[in-house]
1. Evaluate the range D:600-619: report whether one residue or more is farther than 30 Å from B:Ala101 by Cα, surrounded by 12 or more Cβ atoms within 10 Å (Cβ to Cβ) and touching a residue at least 40 places away in the same chain (Cβ under 8 Å).
2. Can you tell me which residues in the range C:37-52 are touching a residue at least 12 places away in the same chain (Cβ under 8 Å) and not in a loop (DSSP other than H, G, I, E, B)?
3. Determine if the range C:130-139 includes at least one residue that is in contact (Cβ under 8 Å) with a residue 24 or more places away in the chain and either more than 12 Å from chain B (Cβ to nearest Cβ) or part of a loop (DSSP other than H, G, I, E, B) (or both).
4. For the range D:560-572, check the following and say yes or no: at least one residue is at pLDDT below 80 and more than 35 Å from the chain's Cα centre (by Cα).
5. For the range A:1-21: of the residues being over 15 Å from the mean Cα position of the chain (by Cα) and free of Cβ contacts under 8 Å to residues at least 12 places away in the same chain, which is surrounded by the most Cβ atoms within 10 Å (Cβ to Cβ)?
6. Filter the range A:37-59 down to residues that are of a type outside the set (Ser, Thr, Tyr) and not in a helix (DSSP H, G or I) and give me whichever is nearest to the other protein chains (Cβ to nearest Cβ).
7. Across the range B:1-22, which residue is nearest to A:Pro4 (Cα to Cα) among those that are at the interface with chain A (Cβ under 9 Å from one of its Cβ atoms), surrounded by 19 or more Cβ atoms within 10 Å (Cβ to Cβ) and under 14 Å from the mean Cα position of the chain (by Cα)?
8. Exactly one of (1) surrounded by 14 or more Cβ atoms within 10 Å (Cβ to Cβ); (2) in a helix (DSSP H, G or I) is unmet by C:Ala103. Its number?
Amino acid sequence: MPEPTLNSFLLLSAVLFAIGTAGVFLRRNLITILLSIEVMLNAVNLTFVAVDRFRGTVDGQIIVFFVITVAAAEAAVGLAILIALFRHRESLNPDAFTSLKW
Amino acid sequence: MDAISFWILATILVLASVLVVGQRNPMHSVFLLILSFAALAGLYILLGAPFAAMIQVIVYVGAIMVLFLFVVMLLNAPTEEATSGDRIRRMFGAGPRHFGAVLSAVFAVELALALIRLASMPMPSADRGAPVATVYDIGLRLFHDYGFAFEATSVLILVAMVGAIVLARREAR
Amino acid sequence: MLFGISRELIVHLVIIGVVFFALQITAAVLVYMERKVAAVIQERYGPYLVGPKGLMQPLADILKLIMKEELRPKGADVVLFYAAPILSATAAFAAFAVIPFGADTTFFGFLDSPIHLAAADVNVGLLVIFAISSMGVYGVVLAGWASNSKYSLLGGLRSSAQMISYELAYGLSFAAVILLAGSLSLRGIVDLQDGYWFGVIPRWYLFLQPFGFLIYLIAGVAETNRAPFDFPEAEQELVAGYHTEYSSMSFALFFLAEYVNMATVAAVATDLFLGGWHGPFPLPAGFEWIWFLVKVFAILFFYIWMRWTLPRYRYDQLMEFGWKWLLPAAVLNLLVTAGAVIYMGW
Amino acid sequence: MSLLLIPLLPFLGFLVNATIGSRLSKSTSATVAVAAIGLSFGVASSVVWSLVHVAPVAGVRALDAVVFTWIQSGGLTIPVEFRVDPLSSVMILIITGIGSLIHLYSTAYMHEETDSEYARYFSYLNLFAAFMLVLVLGASFPLMFVGWEGVGLCSYLLVGFWFTKQTAIEAGKKAFVVNRVGDFGFILGMAAIFATFHTLDFQQVAFRVAQLPVETTAGVLTGITLLLFLGATGKSAQLPLYVWLPDAMEGPTPVSALIHAATMVTAGVYLIGRNAVLFGHAPLTLNVVAVVGCLTALMAGTIGLVQNDIKRVLAYSTVSQLGYMFLAMGVGAFAGGIFHLYTHAFFKALLFLGSGAVIHALNGEQDLRRMGGLKKDLPITYWTFLMGTLAICGVPLFSGFFSKDEILGKAFASGHTVLWAIAVLTAFLTATYMFRLLYLAFFGERRAAPVTAGQADDHGHGHVAAHGAHLRDAPPAMAIALVVLAIGSVFAGYVGVPESLGGGNRFEHYLAPSFQAPTMATIEGALTVAAPTIEPAPAEGQESPTPEMALMGVSVVAALSGIGLASFIYLKRPSVADALAERLSGPYRLLVGKYFVDEIYDAVFVQPIKRVSTLFLWRGVDAGLIDGTVNSVGFAVRGLSAVLRRLQTGSVRAYAMSLFAGVVAIVGYFLWR
């Protein structure tokens, strides 16, 4: 088992990010898409923390802290919108929401 | 020891994430995501960032994911339905889906190549989990250098709260 | 040193085992205790057939549960249905892992250097506890959703809402103590409570944080879904709430989880407010953990007492109380504490 | 800064009447307007007073006021600078003084208008005053041009004041278009000046010009001056651009009095006077000016003989009097020209206002053939009108006499004998048609058919007069104006009694500095010892008074004979007039047709231009080329977007995909680079 280097962490987060994007494109359910976005966010966070460790600083962790906070806000609003949308038409399929207003 | 746990956690992380986006039941997705978060928290601890790990668990797992669960339950989680509508719309629905997936694969490959080109950057050797900085230091940095950002975030949260309430409120008819 | 296994490692493993079994036993004892106390309060006998004074009753219960048939409702989500109880039990046990329950000891010279009495000693112990207790909700929610029954679903929804709401007050009551101690490590906090004021009053944070303690207790009750906040399993309304559809071992696991959680809450309270293993008068070295045990059980007794005394709230009342009274009170308490720390140098 | 106040006050008046005027009562808006111009008259007088008492700098008196820097670009710096020197002082006094009298007169004259119309009228009037003052006070060409255009605009607005009347609208349009031709000359002149002297400030220009020799052959200066003169002919209704002025009589009579007799039309004269040095260096141009002025005078006079519309007669007389002024400028008698401008302002305003009173009394009747015998009905009007007529005819001891005589004298002295002869002839004609007018209007029997309401409305006046019954004379407001102006037109001339009559000709001495090159000191404005002022035309000085007297005699004889002829024809034997018309039917028709100049212009310029613009510019260039281009672009875009719209599915995923594709592409680029 090779010792994990910064590269391996970065590679991991790259893969994670790719997975997230793939989810955004593949899934036909808004909830899952939001989840995929969270995955992407976490990929980024991982990078921050890893580089933090590499450079021996704490700023990365603080950024992570902020990212998570913003993610919380994003989730709250996003889900609220989602609920509103679902009320309008009984669907969570992004392809169903192709018009700006109805 | 360190290496082993890294590889285990990484595997869990990747598998969980793949499954999150890889299957159709949002409920399962949520829980798989929680799993991946747990793995991530483990990685953070490996990286000597217990604070980040705890925040990750408390906020993500403890709050955000519960919120997701809530919504899934409230909307009774309709699993994916096929895109309806005219041909054009279906085309523009389906086309991007697969092409996008391919794109993200390409993206991953690209990044991988880029990383391979880089010289290997070994982590500074420190005993496992020994925090780079104590919560104390982080607190100092957070409230001194990042004070403004912190306050701004709090305002953001407030706004998000109000927004969420307004949006989700069933408009009185 | 034999086979490269140091004594420390052995001791560690032993401690972990002890904690694990102790918790299960505690659960069993609690079941018995609950029944007895309830009986006393309601002026009846309670269990008395199985064994002397019905002491074997918990054992009988466990046997019964093991014997029972495992039922799974139709259309339930298989994986999640079985994952749920495991999850909640795991969370419950995991939380206790970081709780120190005794002063450093060498086990009467068995070790050459003293060792912490805790399954795992983490310097951000409080955060860990907070994190894990926040994970406890999932078991309930999952159970509620997975068993594909409206009662369970409602129970799940309720409990999740309730837990989220009270987690805030819970965490804030932590925060006040953290402010005072200036540390996130439970052990550190406990050690700070050593000694006495005026030679008589123990330096417990209870006396500096009376409101904090109160808030913690109340929030704890809600966190553990105990009466008077036991909505997830409000019999009259939801049959049995989130574990309506569970039976046999999985049900036992939920049961176990509930009591272990209680124990955890009590233990944390002890460490944070009641000076952990530091008692009104010192015990011989190596036996401090007795104080710890006593306090924990005192609190547990209080819980049981409360359960059989107070009626259940209405759901909206619960929410209102949580958001409009408990949370503001906690914030206020925190502010006051902060002020005290800054200006009076506590 | 009092200098700034002079144009500002009327402007404020304009603002008030233009914005909230429609909600004000007639009396209020009238008060505002009159007060504005009156105050500005007060300020102007005080300024002139201080100017007279300021110590002359190198023989030049001037007060400067830089308001702010208007244009700053490269070598060109144009401050908004007002300068009052003797010349402009005379002008501002005329404008504000006579202006306020005419405002006063208007309050009564326009009284039948509705409140809003009333306010509109006075706002225009005030605006005109403001612009006119800018024109004369401006210390540089551009600022003057601002005023120049401004008064043009006001003239257009006021000529077309009764915009429901087709003829009025067309007259306004005509005035505007014809003036454009002149302005085009003005602008080119300005450009040429800047190109030549790299400055546009009057004094600077004059100073630089003074350095150059007088150019005897056609050169730059000649070109510049000719261009400026073109502008002047436009504004001052000289050949060949005089055609708009008679039509401008469609406007309300007080407007004709103020704008088309007393002030605006004299702007051209002022322009030349302002650039006396420049023109002085271009004798060729001066000759042109003199000839044009002279011909205009003659032509207008002849036309005036046979017109039957009372205001048109006066209009043609204005044109011819302006011709006189240009003649004076042309022969280098700048002071004389300005002097005539000044006296003319009085009596021409008086005459117009008088005619206005007549028209007012007759409810808009303007045709001389329908008047007559008004002497007993309108005594005030009659007497004041008589004063004006005598003045314009140059009857001795009246103001017109001095100024006209001045001009004739200078013309003769400068050796343009032919021009002098024509001028005398014109003086004779002037006397003739003016008295014809007087007799037709006020003497004999009333030939007026009972006024019909139709005519009344036609003029915009609402009320119907008592038919045939005793006509009402001018109401007080008008009467005051008439009397004051009458006094003015009698005595105004005494400021400039020539030496030959024992007068010191102080007017000329006062103005002299404005017409000579400023010294460096003046430009710096430094107070240095007054250099001895040089007489512009030393000739008069030595000349013995005898020929002067002779000349005067001639002109007086001309005037008197003209009067005599008129009285013979129109008092003794009215039949003669028709007989003459019979006998000389050819020339008569020519004159009645005003030499058919309008028709010629129409045929030569208007129609071809119309055809070209219609067929080529409109159908070809505009509709074909420009619209075609625009439309085809539009169609192209529409077609293209019809294709692109297919991409606009609104499917968020599609958008995200395209975005992400971009990201991948960029990363890839950096990877393979």
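The values are calculated or read from the model by the stated rules, or taken from the named source; none is laboratory data. Note that the structure is a prediction, hence the values are computed from the model and not measured. Reconstructed Cβ throughout: ideal geometry from the backbone, glycine too, with neighbour counts over all protein chains shown.
1. yes
2. To start, the set of residues in the range C:37-52 that are touching a residue at least 12 places away in the same chain (Cβ under 8 Å) comprises C:37-38, C:41-42, C:47.
Within the range C:37-52, C:Val37, C:Ala38, C:Ile41 meet the criteria.
3. Let us first name the residues in the range C:130-139 that are in contact (Cβ under 8 Å) with a residue 24 or more places away in the chain, namely C:130, C:132-139.
From what's left, either more than 12 Å from chain B (Cβ to nearest Cβ) or part of a loop (DSSP other than H, G, I, E, B) (or both): none.
Taking every residue of the range C:130-139 in turn, none turns out to be in contact (Cβ under 8 Å) with a residue 24 or more places away in the chain and either more than 12 Å from chain B (Cβ to nearest Cβ) or part of a loop (DSSP other than H, G, I, E, B) (or both).
4. Looking for residues that are at pLDDT below 80 and more than 35 Å from the chain's Cα centre (by Cα), one finds at least one in the range D:560-572, hence yes.
5. Going through the qualifying residues, I end up with A:Pro4.
6. Looking at residues that are of a type outside the set (Ser, Thr, Tyr) and not in a helix (DSSP H, G or I), I get A:Val58.
7. At the first step, the residues of the range B:1-22 found to be at the interface with chain A (Cβ under 9 Å from one of its Cβ atoms) are B:2-4, B:6-7, B:10, B:13-14, B:17-18, B:20-22.
Of the ones still in play, those that are also surrounded by 19 or more Cβ atoms within 10 Å (Cβ to Cβ) are B:6, B:10, B:13, B:17, B:20-21.
Now narrow it down to the ones that are under 14 Å from the mean Cα position of the chain (by Cα): B:13, B:17, B:20-21.
Numbers: B:Leu13: 15, B:Ser17: 20, B:Val20: 25, B:Val21: 26 Å.
For the range B:1-22, the residue satisfying everything is B:Leu13.
8. (2)
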